[in-house]
Amino acid sequence: MSKVAVVYWSASGNTEAMANAVAEGAKEKGAEVSVLFCSGFSADMVDQYDAIAFGCPAMGAEVLEEAEFEPMFSSCKPKLGGKRVALFGSYGWGTGDWMRSWEEECGDANINLICDSVICNEMPDEDGLAACRALGAAVAG
């Protein structure tokens, strides 16, 4: 059984809804899943999991949330090589540039993203939730 962490930041509840759907998909594949707000996760915890799905909405000029999520993710990056990693998040404006930048950042750090990232405009609809469950299943292996 794989151990999966779903680590997210959410202000409006949109990315939280996505995180819960990711967790459902991983559990359906038989994974042991921990859903954690980013303030409850640190680089010291990375080795406890086989895979990690990170979720963060677009903020400001299409960047990751800067006070809690981005510092946590940056501290984890050096330990993510060899892990199954996936990204998800919501946005309310723009075209998804924050996700493309985040994916590039992962590539530059030699982090292997195991599936396409999932982005949803505002609150995820049924198709968005299904995509999140599929992401969770992929992360679970």
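The values are calculated or read from the model by the stated rules, or taken from the named source; none is laboratory data. Computed from a prediction, not measured in an experiment: that's the story for all the values here. We place every Cβ from the backbone using ideal geometry, glycine too, and count neighbours over all the protein chains shown. Note: accessible area is taken over every heavy atom of the protein model, side chains too, but ligands, DNA and RNA are not part of it. Shrake-Rupley method; radii C 1.70, N 1.55, O 1.52, S 1.80 Å.
So here's what we get for this one:
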{"quantity": "In segment 122-141, residue farthest from Thr15 (Cα to Cα) [restricted to those that are surrounded by 15 or more Cβ atoms within 10 Å (Cβ to Cβ) and not aliphatic (A, V, I, L, M)]", "calculated": "Gly141"}
{"quantity": "Qualifying residue in segment 53-69 (condition: within 15 Å of Met18 (Cα to Cα), touching a strand residue (DSSP E or B) at 6+ places or on another chain (Cβ under 8 Å), open to solvent by 60 Å² or more (accessible area, probe 1.4 Å) and not in a loop (DSSP other than H, G, I, E, B))", "calculated": "no"}
{"quantity": "Every residue from segment 64-81 that is in contact with a helix residue (DSSP H, G or I) (Cβ under 6 Å, 6 or more places away or on another chain), more than 11 Å from Tyr8 (Cβ to Cβ) and aliphatic (A, V, I, L, M)", "calculated": "Leu64"}
{"quantity": "Residue in segment 32-40 that is in a loop (DSSP other than H, G, I, E, B) and at pLDDT 95 or above present", "calculated": "no"}
{"quantity": "Hey, Ser12 touching a Cys at 6+ places or on another chain (Cβ under 7 Å) and either closer than 19 Å to Ala134 by Cβ or open to solvent by 60 Å² or more (accessible area, probe 1.4 Å) (or both) or not", "calculated": "no"}
{"quantity": "Residues being free of Cβ contacts under 8 Å to residues at least 40 places away in the same chain and either charged (D, E, K, R) or open to solvent by 50 Å² or more (accessible area, probe 1.4 Å) (or both) - total across segment 95-118", "calculated": "11"}
